[in-house]
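First up is the structure itself, then whatever we jot down about it.
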Amino acid sequence: MNATSNRYQVSIEADPTLPIIRMTRDFDATPTQLMRAHTDPALFARWVGPNGMETKILDWDATTGGRWRYVAGRDGEEYGFHGCFHEVGEDRIVQTFTFDGQPDGVALETLRFEDLGDGRTRLHAQSLVDSFEGRDQWLASGMETGVDEGYAKLDALVAEL
Amino acid sequence: MADDQLSRVFAALADPTRRDMVARLAVCDATVGELAEPYDVSVQAVSKHIKVLTDAGLVSQRRDAQRRPCHLEAEVFDLMTKWIERYRQQAQERYERLDAVLAEMRDDEQPTHPRHLQQGAAS
């Protein structure tokens with residue numbers, strides 16, 4: 001029984017030929033629970049924001065054709081995000097995503113919850129950004145997160161070169 | 001690495017010919033002429049590709065007597081990797097918060113459904 005919270009690591013891949021970011025992550029939860037944590041606004045607000053920021057949901061209709069809007073804030077700074085729920089299915093969510101600070105940019109996000117059995121689920125998240133510049137700004141937009149641990153998936157890209 | 005350089009690196013690598021050239025330079029330095037050999041394109045076209053790679057900081061050219069071999073700047077990959085790792089780390093933090101929320105959901109649900117069913121199955 002070692003640190004269960006670190007048992008599952010995110011893997012991430014930046015496609016070299018398409019402006020796409022793909023992530024996968026396993027959870028000790030059923031697809032239904034994971035779906036609820038993504039569609040119930042009170043639950044969603046508790047985990048989505050960056051550490052130390054509070055998320056306020058301003059608009060939320062997690063149904064096919066619905067829409068969402070929230071702001072993440074800290075010390076008077078606020079960052080707004082909005083989009084539409086294109087599809088909320090049984091095991092997947094397709095939605096658009098726009099950062100209010102870059103209102104012309106929009107990403108298409110597809111989340112899929114793969115049932116692994118035994119109460120575990122694998123999340124497949126794909127973000128298709130509308131340009132390489134948009135994707136790369138997004139990747140570069142990380143705020144200060146001290147990181148020195150092992151290198152991630154770009155190794156795969158480099159190996160493929 | 002500045003954001004715009006990161007964009008140039010990704011844009012430079014978005015082209016399959018340039019990716020192939022980078023792969024070959026990863027093995028050893030090569031001149032533009034040598035790089036052009038396997039492709040059905042002119043030396044001028046290869047020079048243009050090299051310029052894109054050079055502008056992105058991925059490739060440098062040094063003078064070596066008459067030759068000007070192209071050299072891969074491998075550390076640029078390390079910088080890209082760090083950007084991606086930083087993004088990954090943020091996602092990891094987000095999903096660890098989600099882990100905590102899911103754990104609470106399980107606790108909330110237990111008195112009603114699963115425990116009841118488990119007890120039913122056990123007895």
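Specify the residue that is nearest to A:ILE21 (Cα to Cα); the eligible residues are those in the range B:2-18 that are surrounded by fewer than 17 Cβ atoms within 10 Å (Cβ to Cβ) and in contact with a helix residue (DSSP H, G or I) (Cβ under 8 Å, 6 or more places away or on another chain).
Out of the qualifying residues, it is B:ALA14.
Report whether or not B:ALA91 is closer than 30 Å to A:THR121 by Cα, modelled with pLDDT of 75 or more and of a type in the set (A, V, I, L, M).
When the stated conditions are applied, B:ALA91 passes them.
Being surrounded by fewer than 16 Cβ atoms within 10 Å (Cβ to Cβ) and of a type in the set (Gly, Ala, Ser) is the requirement here; does A:GLY76 meet it?
yes
If the Cβ limit is 7 Å and pairs must be 6+ apart or interchain, which residue in the range B:36-54 that is closer than 16 Å to B:LEU25 by Cβ pairs with which residue that is assigned to a loop (DSSP other than H, G, I, E, B)?
B:VAL46/B:TYR39
Could you tell me whether any residue of the range B:23-30 is assigned to a helix (DSSP H, G or I) and touching a residue at least 12 places away in the same chain (Cβ under 8 Å)?
Scanning the range B:23-30, I find at least one residue that is assigned to a helix (DSSP H, G or I) and touching a residue at least 12 places away in the same chain (Cβ under 8 Å), so the answer is yes.
Yes or no: the range B:38-54 includes at least one residue that is in a helix (DSSP H, G or I) and touching a Phe, Trp or Tyr at 6+ places or on another chain (Cβ under 9 Å). Spell out how you get there, then give the answer.
First, the residues of the range B:38-54 that are in a helix (DSSP H, G or I): B:43-54.
So of that shortlist, the ones also touching a Phe, Trp or Tyr at 6+ places or on another chain (Cβ under 9 Å) come out as B:45-46.
The answer is yes; a qualifying residue exists.
In contact with a strand residue (DSSP E or B) (Cβ under 9 Å, 6 or more places away or on another chain) and surrounded by fewer than 17 Cβ atoms within 10 Å (Cβ to Cβ): does that describe B:ALA26?
yes
Pick from the range A:25-63 the residues that are under 17 Å from the mean Cα position of the chain (by Cα) and among the hydroxyl-bearing types (Ser, Thr, Tyr): which of them is modelled with the lowest pLDDT?
Per the criteria, the residue is A:THR55.
Counting only residues that are closer than 14 Å to A:THR30 by Cα and of a type in the set (Gly, Ala, Ser), which one in the range A:86-143 is modelled with the highest pLDDT?
Among those that are closer than 14 Å to A:THR30 by Cα and of a type in the set (Gly, Ala, Ser), it is A:GLY117.
Would you kindly identify the strands (runs of 3 or more DSSP E) lying entirely within the range A:1-90 that contain at least 1 residues that are out of contact with any Cys (no Cβ under 7 Å at 6 or more places or on another chain) and more than 14 Å from chain B (Cβ to nearest Cβ)?
Numbers: elements: A:11-14, A:20-27, A:54-60, A:67-74, A:77-88.
Passing ranges, in order: A:54-60, A:67-74, A:77-88.
Return yes when A:ALA42 is among the small types (Gly, Ala, Ser) and under 16 Å from B:ASP108 (Cα atoms) and no when it is not.
For A:ALA42, the condition - among the small types (Gly, Ala, Ser) and under 16 Å from B:ASP108 (Cα atoms) - is met.
The values are calculated or read from the model by the stated rules, or taken from the named source; none is laboratory data. Quick caveat, the model's predicted, so the values are computed rather than measured. Backbone-built Cβ (ideal geometry, glycine too); neighbour counts: all protein chains shown.
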